[in-house]
Every structure is written in C-alpha cells, then in structure tokens.
C-alpha cells in the first residue's frame with residue numbers, strides 16, 4: 001500500500017457516499033449551526049433519570065440544551081420541563097443545579113412561578129394590568145417532556161412526533177433492567193471534550209476499536225464468538241442496539257468480582273450491550289451496572305459529555321459499594337476504559353481540526369456483526385435525513 | 001478529627017504528636033516525600049510508604065445529584081494492579097502531574113498511634129510540549145500511623161473540588 005500525495009489524499013474515497021464522512025462535517029461552523037437548529041432543537045434528548053427528582057417539587061437544571069432548562073417533579077408526580085428564564089426580563093430563574101422548590105421567585109423583580117409554570121405573583125401588578133398584560137400571559141415556556149422506563153426526555157420542538165413513536169422499540173432491551181426493580185443514579189460527572197459531538201457518539205458505535213483497550217484485551221473480549229456472533233440491530237429514526245456479549249472477568253483476581261446475584265434484572269453479571277438513541281444519548285450495561293452518556297455540542301470543536309452510573313435503589317450499603325467499584329473500574333473518570341475512549345476522540349478531532357485528515361471511513365460490512373460499521377452508517381443516514389445532505393458531501397444540500 | 005485547625009493550641013498538638021514518636025514537621029516531611037514519589041511516578045516508593053492495609057479512594061460531592069460519590073477505591077493489591085497496567089494504558093505519554101500539598105490540620109486519630117492529617121492539594125498538569133494548566137483542586141484526608149519505626153499511610157481520601165477532568169486520568173491523584 002503506497003503512501004499518497006496531496007491529490008490522492010484529498011480525493012474522495014472510491015466508496016458509496018454513505019460509507020465515508022467528509023472532515024468538514026466535524027469542523028465547519030455552518031454545518032455545526034445547522035446541526036443545532038435542525039437536529040438538536042427538533043429531536044428528543046435525554047434530560048435525566050426519574051430518580052434524580054425523587055420527591056415532589058424536586059428540580060434539576062440543564063444548562064447546555066441551546067437554552068437553559070429546568071425539570072420539575074410536580075405535585076401531580078409528573079415531570080415537566082421549562083425554559084429556565086423569567087418571562088419578565090429574561091433572568092435565569094434557578095441557579096442551583098438541583099434542589100426542591102414548590103414555587104420559584106425570580107431574584108430580580110420577585111415574579112413568582114409555581115410547579116406548573118404559572119405566574120402566580122407579580123409585585124405591584126396594577127401597572128401591568130393597566131398595560132393589559134395579564135398574569136395568564138406571563139407563565140413560563142413549557143417544553144415537551146415524556147418518559148419511558150424512568151428515562152425522561154425533552155424536545156424543544158412543539159410539533160415533534162411523540163417520544164413513544166420516536167423511540168419505538170429501541171429501549172426494549174433495557175425495559176426489564178429499568179423497571180423490574182427501582183433503579184437510581186449513583187454517579188454523575190461531566191467532561192468538556194475537545195472533539196466534535198459526533199466523534200464521541202461514534203466511539204460508542206465503533207466496536208472495531210475494541211482492540212485499543214488494555215482491559216478488553218485482558219478480559220478476552222475479542223474472541224471469535226464476540227466478534228462474529230454479536231449482532232447490530234437497527235431501529236427506525238436512527239436508533240441502534242449492539243447485541244450483548246459475555247465478558248470474562250474471571251481472569252484477573254484484582255478486578256472486582258462480578259457475582260451473579262448482583263446482576264441487574266434481566267441480565268447476566270458478565271453481560272454487555274449498548275443502545276445509542278439518536279442523536280446524542282447512549283445507554284449501556286455491564287451486567288451489574290448501567291451507564292448513560294449524553295453529548296451536547298458546545299462548538300464545532302468542543303462537546304460536553306455527561307456520564308451517569310445507575311444501580312438498584314434498594315442496594316445495601318455494601319452492595320452499592322461493590323456496584324460503584326464495578327462502575328468505576330471501566331467507566332469512571334479514573335477508570336481503565338473511559339480516559340482511553342476520550343483520548344481517542346480528541347486525537348481524531350485533532351486530525352480533522354488541523355486539516356490533516358480529509359475523510360473518515362465507515363465502510364466495513366460484515367452482515368451487521370459486532371465490527372460492522374452499519375451502526376455508524378445508520379446514525380449518519382438519520383443525520384442526513386434531518387440535515388438534507390450526506391455527511392460525505394455536507395456542503396451540497398439536496399433540493 | 002478533633003476539629004478544625006486552630007482550636008487546639010499548637011504547642012499542645014505538637015506535644016501530643018511528639019509523644020507518639022513524630023513531630024508535625026516529621027509528618028509534613030513524610031507527606032512531601034509521598035507526594036514527590038507520586039509526582040515522579042515512582043509507584044514502588046509510594047507503596048513502600050503505605051501500610052499493608054492501605055486504602056485509597058477518590059471522592060467528590062455531586063451538586064447535580066445532591067449526593068456524595070466515590071470515583072475510585074483501591075486497597076494495596078488494587079493499587080499494585082493499577083500501576084502494573086499503567087504502561088499499557090492509552091493516553092498522552094510524557095504528561096506530568098505536579099502535586100502542591102499544604103497541610104492544614106494535624107490531629108490525633110481515633111486509633112492509638114494514628115494521626116489524622118488534612119491537606120489542601122492542587123495538581124498542575126504539564127504536557128510534553130511544556131504547557132501547564134490546573135488539573136484538579138481538592139484535599140487529602142489522610143490517616144498516618146506514627147507509632148512504628150517509620151511513618152506509614154493507613155488511608156487516603158482524595159476529596160476533589162474539581163469534577164470536570166476532561167478525559168480523566170489513569171494515574172491516581
């Protein structure tokens with residue numbers, strides 16, 4: 001295989017347009033702005049797990065969804081999402097990351113809102129009434145919010161299809177795990193990553209990279225069975241399920257043992273599978289623990305990734321600590337795997353950002369077995385649907 | 001701990017420590033040497049300063065969840081395994097961490113011969129190109145055995161204020 005000169009390096013690969021990505025899909029500011037407007041503001045995105053709002057009037061703020069948002073569990077037990085801004089002069093209402101509030105009073109002019117987003121108090125209201133601005137016209141902007149299996153999603157588009165229609169059966173492989181016993185989030189951390197948001201999503205869809213991880217090499221992940229018998233299931237609307245495999249944790253005594261009795265409902269302790277929900281959420285499990293990633297574009301070159309770890313709510317203190325150790329071994333900020341994945345995403349971003357890399361190749365076809373690139377092609381097919389262009393030629397917008 | 005630094009006159013604290021066989025200066029010197037071993041990535045040197053029952057953990061408080069979190073727990077065997085795997089872990093080779101430790105409290109611990117020591121710690125990360133930035137800020141909450149011939153770390157909790165670590169770290173703080 002000879003090296004290439006500039007002409008052959010920059011020439012598009014001799015592949016179908018669905019099987020490669022032009023570098024500018026990761027770097028171009030116009031494409032980035034279009035992604036935010038046409039994908040992020042119109043599709044269903046993960047907000048939080050219900051356990052993060054366990055009691056009535058609990059709230060949780062979300063600062064990176066294009067607009068500041070706040071999710072509140074109401075007196076009727078329903079979780080609602082609002083723009084986290086006062087309808088009077090635009091001040092941010094909730095500044096704490098989480099808390100409990102039956103009503104919220106804006107610090108600026110003391111307008112007060114209840115858990116339904118209604119404006120229930122305006123100091124010295126007569127001047128507003130004289131101007132024909134009634135309290136009914138001063139409520140918060142509510143954002144569509146729907147849940148499935150305890151996972152709470154929001155959509156900034158009032159006209160979007162329902163979440164149930166959008167997600168279809170894509171979460172079915174997690175249904176038993178998430179609903180048979182109460183689960184809760186025990187781990188949260190976020191990281192600003194120097195990479196385009198799609199590059200982090202790709203790392204969770206590209207199983208061809210598994211050789212990169214020392215702990216996957218040490219836990220015998222890459223066998224004939226795991227390479228060729230795992231299946232990639234493609235769902236409508238860009239969702240994917242990477243079928244399970246068994247991980248051999250037995251080889252190394254110092255890896256936290258995985259007892260079958262601690263497996264989450266519906267799973268074996270050694271089980272692994274994952275489900276990316278288009279556009280920016282990935283659920284995965286390692287038998288005894290679950291992880292949810294949410295990726296938010298900040299700039300073409302930077303992304304905010306939120307990482308959650310989930311276990312059983314009714315764990316004993318001792319069982320919870322075992323679960324935490326199992327989570328942290330592969331997925332925490334000091335784990336074996338997560339820093340490697342983030343390093344890889346940032347290194348790829350460097351290649352594209354500098355103009356060094358011209359194209360990304362996603363052409364592997366292996367009957368949708370584990371290392372087939374079909375998952376990534378499915379993601380980009382959905383991306384193309386929303387963007388009206390192919391990722392391989394993203395400056396050409398279809399009529 | 002008996003309380004924040006300053007509640008007990010320094011002379012009394014020093015005397016109580018000295019009766020256990022180590023002065024506050026000894027303890028500061030010991031912590032500086034342990035920190036230096038970590039900075040030099042001299043893992044064997046660091047482990048030699050730890051008791052066999054040593055427990056290391058990294059913790060943080062989540063304002064998002066309103067909960068304490070544990071981000072890493074290892075006993076001696078776990079740390080040895082972590083250090084064994086380190087050369088194979090993928091990451092930016094040549095990145096250095098420099099830990100700046102400032103002891104804020106030394107007080108007798110709950111067990112005989114143990115001292116509870118709290119320190120502020122900031123960690124500066126320097127890239128192979130020589131660019132430095134602040135990586136984390138937090139505290140070391142240590143238990144040190146001062147009853148033997150040499151001081152030994154019994155337990156270290158690295159309590160982080162910083163919770164966005166970018167890609168994270170394979171190296172303990």
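The values are calculated or read from the model by the stated rules, or taken from the named source; none is laboratory data. For clarity, every value in this text was computed on a predicted model and none was experimentally measured. Cβ coordinates were reconstructed from backbone atoms using ideal geometry, including for glycine residues, and neighbour counts include every protein chain displayed.
Summary of values
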| quantity | calculated |
| --- | --- |
| Options A:202, A:184; residue that is in contact with a helix residue (DSSP H, G or I) (Cβ under 9 Å, 6 or more places away or on another chain) and in the same structural domain as residue A:234 (by TED's automatic domain parsing) | A:202 |
| Considering residues of the range A:162-183 that are in a helix (DSSP H, G or I) and crowded, with 17+ Cβ neighbours inside 10 Å only, the residue nearest to the other protein chains (Cβ to nearest Cβ) | A:178 |
| Only listed residue being closer than 25 Å to residue A:375 by Cα, surrounded by fewer than 20 Cβ atoms within 10 Å (Cβ to Cβ) and touching a helix residue (DSSP H, G or I) at 6+ places or on another chain (Cβ under 9 Å), chosen from A:259, A:224, A:210 | A:210 |
| Members of the range A:331-356 found to be more than 12 Å from chain B (Cβ to nearest Cβ) and assigned to a helix (DSSP H, G or I), listed by number | A:348, A:351, A:352, A:353 |
| Yes/no for residue A:360 being in a strand (DSSP E or B), in contact with a strand residue (DSSP E or B) (Cβ under 7 Å, 6 or more places away or on another chain), modelled with pLDDT of 95 or more and more than 20 Å from residue A:48 (Cβ to Cβ) | yes |
| Of all residues making up the range A:59-69, the number that are surrounded by fewer than 18 Cβ atoms within 10 Å (Cβ to Cβ) and under 18 Å from residue A:116 (Cβ atoms) | 0 |
| Selected residue (only one of A:65, A:135, A:101 is touching a strand residue (DSSP E or B) at 6+ places or on another chain (Cβ under 9 Å) and modelled with pLDDT under 95) | A:65 |
| Wholly enclosed strands (runs of 3 or more DSSP E) of the range B:57-173 bearing at least 1 residues in contact (Cβ under 8 Å) with a residue 60 or more places away in the chain and within 8 Å of another protein chain (Cβ to nearest Cβ) | B:67-75 |
| Options A:153, A:186: the member that is more than 14 Å from chain B (Cβ to nearest Cβ), over 26 Å from residue A:363 (Cβ atoms), crowded, with 20+ Cβ neighbours inside 10 Å and in contact (Cβ under 8 Å) with a residue 12 or more places away in the chain | A:153 |
| The range A:39-67: number of residues that are farther than 18 Å from residue A:164 by Cα and within 14 Å of chain B (Cβ to nearest Cβ) | 13 |
| Hey, residue A:159 within 14 Å of chain B (Cβ to nearest Cβ), surrounded by fewer than 20 Cβ atoms within 10 Å (Cβ to Cβ) and part of a loop (DSSP other than H, G, I, E, B) or not | no |
| Boolean, residue A:391 is under 14 Å from residue A:196 (Cβ atoms) and in a loop (DSSP other than H, G, I, E, B) | yes |
| All positions within the range B:44-56 that are assigned to a loop (DSSP other than H, G, I, E, B) and within 11 Å of chain A (Cβ to nearest Cβ) | none |
| Extreme residue, surrounded by the fewest Cβ atoms within 10 Å (Cβ to Cβ), among residues of the range A:70-122 that are in a loop (DSSP other than H, G, I, E, B) and within 14 Å of chain B (Cβ to nearest Cβ) | A:95 |
| When residues of the range B:28-43 are limited to those that are touching a residue at least 24 places away in the same chain (Cβ under 8 Å) and surrounded by fewer than 17 Cβ atoms within 10 Å (Cβ to Cβ), the one nearest to the other protein chains (Cβ to nearest Cβ) | B:41 |
| Unmet requirement for residue A:194, which otherwise passes all of (1) out of contact with any strand residue (DSSP E or B) (no Cβ under 9 Å at 6 or more places or on another chain); (2) surrounded by fewer than 20 Cβ atoms within 10 Å (Cβ to Cβ); (3) more than 19 Å from residue A:363 (Cα to Cα); (4) within 12 Å of chain B (Cβ to nearest Cβ) | (1) |
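Residues are listed down the side, and each one gets a yes or a no for (1) more than 29 Å from residue A:180 (Cα to Cα); (2) within 13 Å of chain B (Cβ to nearest Cβ); (3) at pLDDT 95 or above:
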position: A:279; (1), (2), (3): no, no, yes
position: A:294; (1), (2), (3): no, yes, yes
position: A:297; (1), (2), (3): yes, no, yes
position: A:306; (1), (2), (3): no, yes, yes
position: A:310; (1), (2), (3): no, yes, yes
